[in-house]
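Okay, so here's the structure we're looking at.
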């Protein structure tokens, strides 16, 4: 039974969600249209440069057809309304530059690669970074801690795309140990065969490392500081005074200082859907970042909008559902809602 | 306290499921085939960002489309010849009517014959959609229709009686399978046919020797050879079993793949390409200029600005530019300086359009080029009484177009040496384009309409026709309406080559007198090949085919001449056997009977007294694209086709993909939010 207060709370949340969603979508819409060219110009440029003998008549027909097809000949407010209504129906539309191609097709073929790349790399960096950070904090003053601090500082301040380029240069172009890009070999097609998975993992190592190593330092530094704070807290001092084993103390410290890091992880995972933009570009990795980058430079409105609609919609929806679940579990939140 | 235990477990479980889903999802298309390296030609420099579809009704299909779909006739600029491809021959019924006979053996890949009805219907749909095979042809063609299963008839529209467009619209036409496009068009209309991807291996029906094999828009496209295609008796079977194209981040990454032997056929700009020869990578020429130049790139000065309206200023600029230096340093010597009259003399067939007498008369060298002569530039300005320091020239090039940027910088430097107040800004492409659209620019480097069998008329039309405006031509805003009669007359005189040539020279004289735009260089036709896996590539020493760039749909014969490295290549014999020179078509046309005489008043000498561009009252060029004749929609074309419904109410939402996407993302979003909530609590 959903109580009245719960319904009120959820209603309020839902309305709030709706408003934020519209605002976010509107910002995406407006920002794109502030660029002085439009996609038809881009298309025409492509056509002019690649077609050996395009006639003025063809150009005229093309421009006419494209303006009509993209509905760019309609007033802006109408475009805006169409866009909003489509965004709510889950219709991402069609690309302008890759004419006629469904945005959902493009995203569907890019998204898995991005998640495959970013999520494991971020999780691994988080896990390893926090472990060694905590250990360093615990072993304060040791050689390990000092080395780690310096290395981490350097790593955390290294631009990840630059690090990616260094990796590529050293391991792919100079040493020829790893392939210089792509997600899998040119001679293979995606399949669930062991050979393919092996090859994909082989191509995966450099991009993975570039994200992993570059974000490792940040986690380690943060965790070290948190651990040191935690070590100074009353309950740890008390535990130590009781003569508890080192390993147990360490576990207590770790548990307590990890919490802020969890939030940090959540935030960096939040960016995962957008892709590790520059890493993907450096490695020609067929992910969302690569698609988004090209779409922005080519003013391909629907693709950029599509990427953002998905990002915004899923994050908002997930947030709402978490709220909903918490409201069910925890009466204090409902009461809070009543007060509001 | 149960929470404490359950929550981490739950998070772990969700994370695990999410990760597993992600890892598995790229492989949902379960295909376990390999594309053996030695059986595949890998292409670079065609697709960026996403792979385009194989539907010509987008107006922007992937050029790899050309390997799967063949035209009636294919044009090769190298020897100025036409190859009967799907068609076997043509016949002039009268000077206005052409019949094209499709080969009896021509079949679609699903076994259905290729007929004149396919041609007719393809053109019909183009008329409805606006883009597609034969777009823009309605200005020049009365109709394209089937007069028999295998006979296509096209009729020229008069006026404007443009033989160039009439012939290229008729001969250079790519038909699509009617039995495939008709159901789509009739059911879903214009929208539906534009959004037809045509990349599904199960349903694609092609006319060429290759067919789609694998397609992933954010990743790659692979075509596979049809060993049993209908044309094997005539054209043979191409060497490579697969043609593959992978997306690369940028030119540098793509070129690295070529260098590493991961790619064979390049359409990219490669700096210092001669250094790759040691690795078995070559271009058309083994030494400079390495590439065959195609269209002419011009320095366009905004003629709406009063300071540029005096031809003396433009000529002084033309003499001041450091052509040789700039092309060597900024363009790696990939093109010689262009002729001062816009004719591409790199292609032997077009040399006949140059007149050394005319060029020297106007102060050019005998090979029709402007010297770099600062003194002469200064003298011209002095004679005209112009103070260059009062003229500011900003040569704008889009940011990141490094070759152009450097050229503009060098030009500005040279112009400053003459006394001009010159600079070379590099705005963002969108700003650059916007300034051209609005006419607010000062000077830009720009291209012309490219190269085709209407050369050099195509160049003059693009650069001089006052009825055109950016971006379809006349970037500079030339307003001399006196040139229109020549532009209109030249295409009419197809059957009278001498008369035609004399008119072309008249236009050249006007061009040299007014110099509305300054020809700089030929835009290189990017083409490099790697001999590691494939040999037999056309080049200067084995010139069996051109165009050669992989982004040119008319480069489809190239795979037919390739064999695996180690074997002896042999250029396809059918090219020379089948080739019909343009001159043959011209003489056939002349035999078809004399068309009504062309009424052009051709003065014996070009009036050279008036300074042409100074009359700003002529506002033809300022309006939007107004072209030769009013476009009339073709409603009289055919009786066999029924018009598709014009308004289609489409509320199809891609629910399946959207839902799958949403679910996956939702799981991730859920995890993220959960983490955040834990913290907040």
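Coordinate-derived values only; no laboratory data. Predicted model, so just to flag it, every value in this text is computed and none were measured. Virtual Cβ from ideal backbone geometry, glycine too; neighbours counted across all protein chains shown.
Overview of values
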| quantity | calculated |
| --- | --- |
| Gaussian network model of chain A, springs between alpha carbon atoms under 10 Å - residue of A:182, A:298, A:195 with greatest fluctuation | A:195 |
| Ratio Rg/Rh, restricted to region A:1-117 and using Cα atoms, in which Rh is the Kirkwood radius | 1.13 |
| Residue-averaged beta-carbon neighbours from other chains (10 angstrom radius) around B:218-227 | 4 |
| Shape category assigned to region B:151-210 from the gyration tensor of Cα positions, a/c cut at 1.5 | prolate |
| Residue-averaged beta-carbon neighbours from other chains (10 angstrom radius) around B:163-170 | 1 |
| Region B:387-433, relative contact order [Cα under 8 Å, separation at least 6], % | 50 |
| Relative exposure of B:514, B:149, B:434, judged by other C-beta atoms within 10 Å (fewest first) | B:149, B:434, B:514 |
| Average beta-carbon neighbours from other chains, 10 Å sphere, peptide A:24-36 | 1 |
| Overall form of region B:357-428 per C-alpha gyration tensor (a/c, 1.5; a/b vs b/c) | oblate |
| Isotropically averaged projected area of chain A, using the convex hull of Cα atoms (one quarter of hull area), nm² | 25.8 |
| Semi-axes of the equivalent ellipsoid for region B:145-297, Cα gyration tensor, largest first, Å | 35, 24, 18 |
| At 0.692 mPa s and 37 °C, Stokes D of the protein assembly as shown from Kirkwood alpha-carbon radius, µm² per second | 104 |
| Most fluctuating residue given options A:277, A:265, A:192, as computed from a GNM of chain A linking Cα atoms under 10 Å | A:192 |
| Gaussian network model of chain A, springs between alpha carbon atoms under 10 Å - residue of A:233, A:95, A:215 with greatest fluctuation | A:233 |
